[in-house]
Amino acid sequence: VTVQAVQSIAILGAGKLGVVVAQLALEAGIAVSIAGSGAAEKIALSSKILTPGAIATTSREAIRQADIVILALPLRNYRTLPAEELAGKLVIDAMNYWWEVDGSDPALTNSSLSSSEMVQAFLKDAHVVKALSHMGYHHLRDEAMPETAAGRKAIAIAGDDSADTARVATLVSQLGFDPVIIGGLSLGKILEPGHELFGATIDKETLLAIVTKAKNAQKSIQN
Ligand SMILES: NC(=O)c1ccc[n+]([C@@H]2O[C@H](COP(=O)([O-])OP(=O)(O)OC[C@H]3O[C@@H](n4cnc5c(N)ncnc54)[C@H](OP(=O)(O)O)[C@@H]3O)[C@@H](O)[C@H]2O)c1
């Protein structure tokens, strides 16, 4: 199946991750809207310097214009996302529960759900896919490579709908990485902090080997 190239993205969160994803997307010829937590003016100047060509706007406006929306804000704020505007949208959850930033949130710490399943439960009418979450922003910046380059690094994708994960895979490749669809949103757990793939900047084969190992370990726990 060939999936059409992604034309436009909205990035919610104009911090370290949001800026790098915006830069990679702009370099790939994708239209980018980017929003912080507040008014567009708050990020207008930094966006002009760090992500020239991107439209600095509000979350609501950015969402309206985009094929795909990327969540690049601190996870502790996910309940402030405009769920109604995100209904029907393909949403990439790049967020991690990082206690240094997010504090200790009992709902997140004690959940048997993956953090992306919690985000999906809140954004109930959106199509949530976990991706762009396990690699540090500096590696994303430095390791992006064209599809044909040797030693291209891989980005894991977890989602419940194959059309959605295929579309996200297309975007990941446009951004400069080999997409690896690992399974459903619940398996996103193996990409979270505390797991081997968190921080991984490795090629596709190495990533797949770790995913297989993690899946086998889960099976042996269930048996
Ligand atoms: N840093 C990495 O290497 C990396 C890699 C992969 C994934 N992640 C994940 O990506 C997320 C962002 O990390 P970061 O390092 O980029 O953090 P950061 O540098 O602190 O940036 C966070 C950004 O999110 C914005 N924000 C906060 N609440 C928001 C809301 N309700 N709506 C829209 N934007 C909001 C902040 O805007 P204000 O300044 O206006 O509050 C800020 O621009 C985290 O969940 C993190 O786990 C980070």
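The values are calculated or read from the model by the stated rules, or taken from the named source; none is laboratory data. All figures in this text were calculated on a predicted structure; none of them were measured in a lab. Reconstructed Cβ throughout: ideal geometry from the backbone, glycine too, with neighbour counts over all protein chains shown.
Mind checking which residues of the stretch 194-222 are among the β-branched types (V, I, T) and within 23 Å of the chain's Cα centre (by Cα)? Listed by number, the residues that qualify are T201, I202, T206, I210, V211, T212.
Okay, residues lined up against (1) over 23 Å from V6 (Cβ atoms); (2) modelled with pLDDT of 95 or more; (3) not in a strand (DSSP E or B):
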{"site": "I155", "(1), (2), (3)": "no, yes, no"}
{"site": "A166", "(1), (2), (3)": "no, yes, yes"}
{"site": "L171", "(1), (2), (3)": "no, yes, yes"}
{"site": "I190", "(1), (2), (3)": "yes, yes, yes"}
{"site": "A200", "(1), (2), (3)": "yes, yes, yes"}
{"site": "K215", "(1), (2), (3)": "yes, no, yes"}
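Away from the ligand (no atom under 12 Å from the Cβ), on the phi < 0 side of the Ramachandran plot, more than 15 Å from the chain's Cα centre (by Cα) and not aromatic (F, W, Y): does that describe Q23? No, not satisfied.
Which of the following residues is of a type in the set (S, T, Y), within 15 Å of L175 (Cβ to Cβ) and touching a strand residue (DSSP E or B) at 6+ places or on another chain (Cβ under 8 Å): T51, T58? One residue alone meets the criteria, T51.
Within the stretch 61-91, can you find the residues that are over 18 Å from L132 (Cβ atoms) and either more than 10 Å from the ligand (Cβ to nearest atom) or not in a helix (DSSP H, G or I) (or both)?
Kept after step one, since they are over 18 Å from L132 (Cβ atoms), are these residues of the stretch 61-91: 61, 64-65, 76, 79-80, 82-85, 87-88.
Listed by number, the residues that qualify are E61, R64, Q65, P82, A83, E84, E85, A87, G88.
Conditions (1) under 19 Å from L113 (Cα atoms); (2) aromatic (F, W, Y); (3) without any contact (Cβ under 8 Å) to a residue 60 or more places away in the chain, marked per residue:
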| residue | (1), (2), (3) |
| --- | --- |
| P146 | no, no, yes |
| A158 | yes, no, yes |
| D164 | no, no, no |
| V168 | no, no, no |
| L187 | yes, no, no |
| K219 | yes, no, yes |
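When G38 is tested against (1) over 18 Å from the mean Cα position of the chain (by Cα); (2) of a type outside the set (V, I, T); (3) surrounded by 15 or more Cβ atoms within 10 Å (Cβ to Cβ), only condition (3) is not met. Being within 11 Å of the ligand (Cβ to nearest atom) and either closer than 20 Å to D142 by Cβ or assigned to a helix (DSSP H, G or I) (or both) is the filter here; which residues of the stretch 26-49 pass it? Selection gives K42, I43, S46, S47.
Scanning the stretch 98-146 for residues that are closer than 19 Å to G15 by Cβ, of a type in the set (A, V, I, L, M) and loosely packed, with under 14 Cβ neighbours inside 10 Å yields one hit, V101. Which residues, taken from the stretch 92-143, are within 8 Å of the ligand (Cβ to nearest atom) and assigned to a loop (DSSP other than H, G, I, E, B)? A94, M95, N96, Y97, W98, L132, S133, H134, M135, G136, listed by residue number.
Among the residues of the stretch 50-59, is there at least one that is free of Cβ contacts under 8 Å to residues at least 40 places away in the same chain and assigned to a helix (DSSP H, G or I)? Yes, the conditions are met somewhere in the stretch 50-59. Scanning the stretch 41-53 for residues that are β-branched (V, I, T) and surrounded by 23 or more Cβ atoms within 10 Å (Cβ to Cβ) yields I43, T51.
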